[in-house]
1. Expressed as a whole number of Å, what is the distance separating the alpha-carbon centroids of segment 58-74 and segment 4-22?
2. How large is the helix-only mean residue ellipticity at 222 nm for the chain, computed as the sum of -39500 (n - 2.57) over DSSP H runs with n ≥ 4, divided by its residue count, in deg cm²/dmol to the nearest 500?
3. Say we join alpha carbon atoms closer than 10 Å with springs in a Gaussian network model of the chain; which of Glu45, Glu123, Glu16 then has the biggest fluctuation?
4. Would you mind computing Rg(Cα) / (2.2 N^0.38 Å) for the chain, counting N as its residues?
5. Can you find, among Leu18, Leu116, Ala51, the residue farthest towards the positive end of the dipole of the chain? Put +1 on the C-beta of Lys and Arg, -1 on that of Asp and Glu.
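What follows is calculated from the coordinates using simple rules that are stated; it is not laboratory data. Keep in mind that this is a model prediction, so the values were computed, not measured. In this analysis, Cβ positions are derived from the backbone assuming ideal geometry, glycine residues included, and neighbour counts consider all displayed protein chains.
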Amino acid sequence: MTIELLDLDHVGIAVEDLEAAVEHYRRTLGVEPAHRERVQDQGVEEVLFAAGSSFIQLLGALGPDTPVGRHLAKRGPGVHHVAYRVADVAAALEHLRAEGVRLIDQAPRPGSRNTLIAFVHPEGMGGVLVELVQER
């Protein structure tokens, strides 16, 4: 069993002020948001900008006691995670588990854009928080 990586889905960037960051990306990169969504159970509001077949995802914390809120308090704004598009998140998790890679999510869960997602602990990926994304 192996993982079928299809593409880089997005790079997640934690920001202190989502509206200011969106405006900065508009002004400096000349891009318009392709998608915006509040994901209450993850404690985040996201804005996606298309970059080829991938996205730049700006993440605003919905509070200080959320994963992105804690990231901002500890590390400040910047790259939060890298997300890979996969054919089958459940199969990818099973493969990683068999390889002894530490997982945050043991099973796929709903993500934004009607996707299935799962996070892999940075400990198992060379210090990088990795998200697996399956389009439905």
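1. Measuring centre to centre over Cα atoms gives 14 Å.
2. Value at 222 nm, helices only, nearest 500: -7000 deg cm²/dmol.
3. Glu123
4. For the chain, the normalised Cα radius of gyration is 1.03.
5. Leu18
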